[in-house]
1. How far is helix 523-548 tilted off the main Cα axis of the chain, in degrees rounded to 10, range 0 to 90?
2. Given H placed 1.01 Å from N in the peptide plane, which residues other than close sequence neighbours of VAL244 have an amide H under 5 Å from its amide H?
3. Using a cut-off of 13 Å between beta-carbons, work out the net charge of the residues near TRP328 (Lys and Arg +1, Asp and Glu -1, TRP328 not included).
4. What ³J(HN,Hα) values, in whole Hz, does the Karplus curve 6.51 cos²θ - 1.76 cosθ + 1.60 give for the range 333-339 when θ = phi - 60°, with x put for Gly and Pro?
5. Quick one: 3J(HN,Hα) in Hz for the range 165-170, Karplus 6.51/-1.76/1.60 with θ = phi - 60°, rounded, Gly and Pro as x.
6. ³J(HN,Hα) across the range 22-29 via Karplus (A = 6.51, B = -1.76, C = 1.60, θ = phi - 60°), whole Hz, x for Gly/Pro?
7. Work out, in µm²/s and without decimals, the Stokes-Einstein translational diffusion coefficient of the chain at 25 °C, 0.890 mPa s, Rh from Kirkwood over C-alpha pairs.
8. From zero up to wherever the largest Cα-Cα distance of the range 478-555 sits, split into 5 Å bins and tell me the percent of pairs in each.
Amino acid sequence: MGFKNAIRAGLWLVPLTAVLVVLPFLWRGTSNGHDLTFHVNSWLDVARQWHSGIVYPHWAVYANYGSGEPRFVFYPPVSWTAGALLGLALPWPAVPGALSVIACIGAGVSMYLLAREWMDDRTAILAAILYAVNPYQLMVIYERAAFGEMIAAVWLPGILLFALRERGGFVRNSLLLGVCLAAIWLTNLPAAVIASYLLAFVVIVRARQLRKAEPILRAAAAMALGLGLAAFYLVPAAYEQRWVQIGQAVGIGARPQDNFLFARNGDAEHDAVLLRTSIFALLEFIAVVIFAWWAKPLRQRSAAIYNLLLAMVILAIVLMIPLSIPLWNYAPKLMYVQFPWRWLLVLSVVLSIFAAVSFARSRIATLALFLLVPLLIGICYWRFQQKIYPEDRPAALAEAVASGDGYEGTDEYTPTQADNSNFHPFMPRIAIQIASVNDEQRKVAPSSFAHSNSTVWEPEHKRLTIDSQLPTHDTIRLLYYPAWKVTVDGKPFEPTADDTDGRMVLDLPEGHHEIAIDYTRTPDRTWGTILSAVALLAAIAMWIAARFSMPEVRP
């Protein structure tokens, strides 16, 4: 069935259902999820840098109240690019809701393509509707506002589709699987780690079912291609971790052992959220078990796929309980998933498929589903929606950025020698301190000895002048970071970091000085770009090879 026929058959219900998700925002305002301000500030920062001609920002100019941080080196670009693009076309208060709708529609279409491999069209459409507004996705939208994870749900069914598909040929499926893997790495790192481990698990199980190594070889080729395509982001993010406090991402409260289902660490707010999430996960697991029992038509049509889906459920549940602590401690990068309950991403895929098969068994059951979905949305909104305060509204955040006040920084993206708790709005661009004065000079105002001016203050380029009759200790409203290169009077100059907050410090002799500070292209960015270019050429070659191979006709 083509997409035109799919739309006629009911796929149009996916965008309609997605709109229902954000309908309460029209009169209640955007839900103040845990990550809302982080994402909105990122969109605002990126949009303003685009106006300055910077296509791919790396430095978040307005973070730490104008002192900046390398946020865009480390946070994947898909969500902040999508949010900034929407901000160019829509009022900022409408962007969170619009992006949520787009993510739900994308997730639904992706699930439709996956489900069509083993189900009839009607069942596949039901799966698309259910996955577009699955309970975990609703929790992510209402309680967490984790837009990166929300969009990552779009790519997960695609990864499973091209990892398991038996038609289309090795090259074509490897190419499409690689593109999906690149997309999830460029969207959300915890989801990408989950997807990578899930892919390894799925292809090993599938290889045993088919008694051949092709699924494993396909996954290996796709992973190499996907990592290569995303290397322009991944290589700098991996290399420059040594320059920031990345360990803060898995500090106390964000470690896996602090977030197993029904765990407690003594922080009342953390424990309350975790308890609510744990009950939610338990209910979703019970629902999976019930629908797995009712999904007999899928078991009869493809017992191998049915069993594989059950294995995915077991994997997800095991990784959400303390039994799996050795895996979290020793499996490479798994700890950076932070919250074991993020494996609900996987559970939601299986739940949507099993539930769709169950509801498709009769017209009455299908009708019950269409009554259930709005009820589910209403319950999740009532349970997870977070009250938004005036200072957290997108319009207020936009005003703070436009005025130059900026916003708080992020702990894990703070340079190693910095302390982002010491920043505040309205810090001067240049704070001049006379290095040493005698008793007579102390009687005179410091401004009599030195003054400064900033002739250019752009996101990646600063031009300053300092005139002083005495040596000066000059603190710049800019975090010290190795990518910033400084020249004084045309000669390279090595700045230092302020002891209290990590801002850049220039110790200059008396006289007139012309200072240039530029954010430069570090070697890791160059190598990442080269790897991505090579991977893109490989992808084009694979696409050409797939085009000229004999097409397979679906029965």
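Taken together, the values in this text are just the output of simple stated rules run on the coordinates, not laboratory data. This one's a predicted model, so the numbers in the text were calculated from it and none came from an experiment. Every residue, glycine among them, receives a Cβ derived from its backbone with ideal geometry; neighbour counts consider all protein chains shown.
1. 30 degrees
2. Under 5 Å from the amide H of VAL244: THR416.
3. +2
4. Running phi through 6.51 cos²θ - 1.76 cosθ + 1.60 with θ = phi - 60° gives 6, 4, 4, 7, 5, 6, 10 Hz.
5. Running phi through 6.51 cos²θ - 1.76 cosθ + 1.60 with θ = phi - 60° gives 4, 9, 10, x, x, 4 Hz.
6. 3J(HN,Hα) across the range 22-29, in whole Hz: 9, 4, x, 5, 5, 10, 9, x.
7. Value of D from the Cα-based Kirkwood radius: 96 µm²/s.
8. For the range 478-555, the pair-distance distribution reads 3, 12, 13, 12, 10, 8, 7, 6, 6, 5, 5, 4, 4, 3, 1, 1, 0.
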